[in-house]
Amino acid sequence: MASSKGTMNKCATFCLSHYVEHGQALNNKLDSIAEQRDIFRSRMAELPVILTKQYLTTINDWEKSMLQTVIETAENTRQQVHQLIVAEMERECDELTRKITSFRENDNYFETDLTELETG
């Protein structure tokens, strides 16, 4: 057989004189392809698990990032609203102070003026 196999390797095409050897070689090659397919299939079964973990990790990271952005934006907005309220209150107090000062300096005010100051 070894000499046949050596001769078979030199065959350019499938020859009748080495029919059995050619058939065995084809079977071996088919078995090898089937084995590679099985390995691929087992890896393919693992791949969705690996990819799912990777995608979920990416989604979780994105979620944390977005939540942090929302938290920071909300805090900045709270600070801005606080500053606007304080600024408006200071403006109103300054306006009231200006009117009180004007009334005192001019000694020119009536009860209706004071009622207006109280009610705003």
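The values are calculated or read from the model by the stated rules, or taken from the named source; none is laboratory data. As the structure is a computational prediction, the values presented were derived from the model and not from experiment. Heavy atoms of the whole protein, side chains included, go into the accessibility calculation; ligands, DNA and RNA do not. Shrake-Rupley method; radii C 1.70, N 1.55, O 1.52, S 1.80 Å.
Convert each backbone phi in the stretch 73-79 into a coupling constant with the Karplus relation 6.51 cos²θ - 1.76 cosθ + 1.60 (shift: θ = phi - 60°), then list the ³J(HN,Hα) values in order as whole Hz, x for Gly and Pro.
Those phi angles translate into 5, 4, 5, 4, 5, 4, 5 Hz.
How are the C-alpha pair distances of the chain spread across 10 Å bins, as whole percents from the shortest bin up?
Going out from 0 Å in 10 Å bins, the chain shows 10, 14, 10, 9, 9, 8, 7, 7, 6, 5, 5, 5, 4, 0 percent.
Whole number in Å², please: accessible area per residue of the chain, 1.4 Å probe, ligands, DNA and RNA not counted.
91
Separation of the stretch 42-116 and the stretch 20-36 by C-alpha centroid, Å?
Distance between centres, Cα-based: 73 Å.
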